[in-house]
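Only one structure is covered here, and it is reproduced in the block below.
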Amino acid sequence: MAHAKTPSAFTNPLIRWVDDRLPVFSMISKEYGVFPTPRNFNYLWNFGALALFMLVMMIVTGVFLAMQYTPNADLAFASVDRITRDVNFGWLIRTLHANGSSMFFLVVYVHIFRGMYYGSYKRPRELLWLFGCVIYLLMMATAFLGYTLPWGQMSFWGATVITNFFTAIPIVGKAITTWLWGGFAVANPTLNRFFALHYLLPFIIAAVVFLHVWALHVTGSNNPLGIEPKSDKDTLPFHPYYTMKDSFGLSVFLLIYAAIVFYIPDYLGDTENYVQGNPLVTPPSIEPEWYFLPFYAILRSVPNKLLGVLLMGGAVFMLFLMPWLDTSKVRSAKFRPWYQWCFWFFVADALLLGDVGAHHPEGIWVLLGQIATIYYFGFFLILLPFLGWFEKTLPLPTSISESVLGGGKLAGAAAAKPMEKA
C-alpha cells in the first residue's frame with residue numbers, strides 16, 4: 001500500500017507534478033533553501049561553493065577535451081596542439097582546463113586553511129574533515145595524471161621522476177613502478193593508463209564530494225565562533241542570504257579566473273612543456289606545478305630517497321590525524337591566542353616550502369627546506385597536542401546571536417577576561 005504523502009507546496013504546476021512523484025525539489029528546498037545556517041559566516045565560507053564550481057568546470061571542460069585528445073605517445077602532443085589551433089573554441093576550453101587546476105587548488109587550499117583556523121575538523125565533524133582530506137588526495141592524483149597528458153618535456157619527465165619514487169618502497173617498489181608504466185619505461189602504455197585514470201578520478205571525486213556535503217548537512221556547518229547554534233536567532237535560511245553571498249563571491253572569483261584565461265593563459269605553465277617529450281633530452285630543471293611544491297621540498301629535504309618519500313606521504317597524512325592531534329576543547333582560533341601564532345607560522349612555513357621547492361636543492365635552500373620540514377611536522381605532532389593542554393583560551397560567547405548583535409562590547413569583554421582551558 002502506498003504511503004500517504006503531503007501534497008507539494010510548489011505553485012508551478014510542472015514542478016508540483018514532478019515533486020508529487022519524485023520529491024527532488026522538496027529535497028533541494030530543504031537542504032539548500034530553508035536549511036538553517038549560522039548567521040555569522042564570513043567570506044571564507046564562500047570557498048566551499050567555489051571548489052564545487054571548479055569541480056564542475058573541470059569535469060565539463062575535461063569531457064570536451066577528451067573528445068579531441070589522442071592518448072598515444074606519438075600523437076598526444078600534436079593532438080593537444082590541434083585542439084588549441086584548429087578545434088572551434090578549443091583554445092578556450094584547454095585554457096580553462098589548464099588554468100582551472102591551479103584555481104581549483106587555490107580555493108581548496110584556502111578552504112583547508114579556513115577549516116584549520118576555525119576548528120572545522122573537531123567533534124562532531126571528524127568524518128566531514130576526513131572526506132575533505134580524501135578529496136584533496138584524489139585531487140593531487142588527478143592533477144598529476146592530467147599534467148602528463150600533453151606529453152611535453154615536463155610532462156614526460158615529471159611522469160618519469162614521480163613514478164620512480166615508488167621504487168624506494170622495499171620489496172614491491174619496482175613491481176609497482178612496472179605496473180604503473182605498463183612496461184619497463186614511461187611510454188605509450190603509461191600514457192594510456194594515465195589518461196584512463198585521469199578521466200575516471202574526477203567522477204570518484206564527485207562521489208566523495210556528495211558524501212562530504214551529506215556529512216555537512218547532518219552535522220551542520222561550523223562558524224567563525226566555533227560554537228553550535230542554540231536557537232533560531234543564531235541561524236538564517238541558506239536561501240536567499242547565502243546563495244546571494246556565494247553568488248557575489250563567485251562573480252569576483254570569475255573575474256580573476258577570466259583575467260588569467262584571457263590575458264596571461266600561459267603564466268602558470270612551464271615553457272618546457274611546449275616542447276614534445278624526448279626521453280633522450282633531460283630538462284635542466286624538473287619541478288612540479290606550484291600546488292605540489294611544498295611536498296616536493298619536503299621530499300628533497302633529506303638525502304635518503306625512501307625517507308623522503310615517507311615524509312612526503314606523511315605530510316598529507318598529518319591532515320587526516322588533525323581531529324585527534326588537536327586536544328583543545330575550543331574550536332575557533334579567535335579564542336586561542338597561542339594557536340593563532342602557531343597557525344600563521346604554519347601558513348608562512350607552507351609558503352616557504354613552496355619557495356624552496358621551486359629552487360635547486362643546493363646552498364641555503366637545503367637548510368631552509370630542512371628547517372621548514374621540521375616545523376611542518378612539529379606543528380602537528382608537538383604543538384597541536386601540547387597547546388590543548390597548556391593554552392589559556394578566551395571566554396566563548398553564550399550564543400552566535402549575542403556575539404553578532406552585541407558588537408564590540410562582547411569582544412572587549414573576551415579580551416579582558418582570559419580563562420583557563422575548558
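Pairs exceeding a 27 Å alpha-carbon distance, out of Lys233/Lys392; Lys30/Lys329; Lys305/Lys329; Lys30/Lys245; Lys245/Lys329: Lys233/Lys392; Lys30/Lys329; Lys305/Lys329; Lys245/Lys329. Taking Cβ atoms as reference points and 14 Å as the exclusive limit, the residues near Leu14 contribute a net charge of 0, counting Lys and Arg as +1 and Asp and Glu as -1. Note on the range 105-164: semi-axes of the ellipsoid equivalent to its C-alpha gyration tensor, largest first and rounded to whole Å, are 32, 11, 8. Less than 5 angstrom separates the built amide H of Lys230 from those of Ile400, all sequence-distant by 5 or more or on a different chain. The local environment of Leu311, defined by Cβ-Cβ distances under 14 Å, has a net charge of +2 under the rule Lys, Arg +1 and Asp, Glu -1. Between Val24 and Leu268, the simple spin-label model (points 7 angstrom out along Cα→Cβ) gives 3.2 nm.
By the rule of a C-alpha distance below 18 Å, with chain neighbours fewer than 8 residues away ignored, the aspartates and glutamates paired with Lys122 are Glu228, Asp326, Glu391.
Positive end of the dipole of the range 287-391 (Cβ unit charges, origin at the Cα centre): among Leu299, Gly357, Trp341, the Cα lying farthest that way belongs to Trp341.
Would you calculate, for the chain, the mean residue ellipticity at 222 nm contributed by helices, counting each DSSP H stretch of 4 or more residues as -39,500 (n - 2.57) and dividing by all residues, to the nearest 500? That calculation yields -21000 deg cm²/dmol at 222 nm. For Thr37, the residues whose amide H sits under 5 Å from its own are Leu236, Phe238, ignoring neighbours fewer than 5 places away on the same chain, with H placed 1.01 Å from N.
Modelled this way, with points 7 Å down the Cα-to-C-beta line, the labels at Leu321 and Tyr32 are 3.8 nm from one another. Separation of the range 61-93 and the range 315-343, taken as the distance between their Cα centroids, equals 44 angstrom.
Quick one: among Ser155, Ser251, Ser401, which has the greatest mean-square fluctuation in a GNM of the chain with alpha-carbon springs under 10 angstrom? For the chain, modelled as a Gaussian network with Cα springs under 10 Å, the answer is Ser251. Remark on the range 287-391: ratio of C-alpha radius of gyration to 2.2 N^0.38 Å is 1.12. Between Phe390 and Trp341, the FRET efficiency estimated from the beta carbon spacing at R0 = 22 angstrom works out to 0.95. Just checking the listed ones, Gly119, Gly313, Gly158: in the Gaussian network model of the chain with Cα springs under 10 Å, the one fluctuating most is Gly313. With semi-axes defined as the square roots of five times the eigenvalues of the C-alpha gyration tensor, the equivalent ellipsoid of the chain measures 40, 31, 19 Å, largest first. Which translational diffusion coefficient, to the nearest whole µm²/s, is obtained for the range 41-286 from the Stokes-Einstein equation, given a Kirkwood hydrodynamic radius over C-alpha pairs, 4 °C and 1.567 mPa s? After rounding, the answer is 65 µm²/s. In order along the range 210-217, the phi-based Karplus estimate (6.51 cos²θ - 1.76 cosθ + 1.60, θ = phi - 60°) of 3J(HN,Hα) comes to 4, 5, 4, 5, 4, 4, 5, 7 Hz; Gly and Pro are listed as x.
In order along the range 25-30, phi translates into HN-Hα couplings of 6, 5, 5, 5, 4, 5 Hz, rounded to whole numbers, per the Karplus curve 6.51 cos²θ - 1.76 cosθ + 1.60 with θ = phi - 60° and x for Gly and Pro. The Phe184 and Asp355 beta-carbon pair, evaluated with R₀ = 51 Å, returns a calculated FRET efficiency of approximately 0.90. The 3J(HN,Hα) values that the Karplus relation (6.51, -1.76, 1.60; θ = phi - 60°) gives for the range 297-305 are, in residue order, 5, 5, 4, 8, 6, 10, x, 7, 5 Hz. Gly and Pro appear as x.
No value in this document is a laboratory result; all are computed from the given coordinates. Since we're looking at a predicted model, the values are computed, not measured. So basically every Cβ, Gly included, is an ideal-geometry build from the backbone, and we count neighbours across all protein chains shown.
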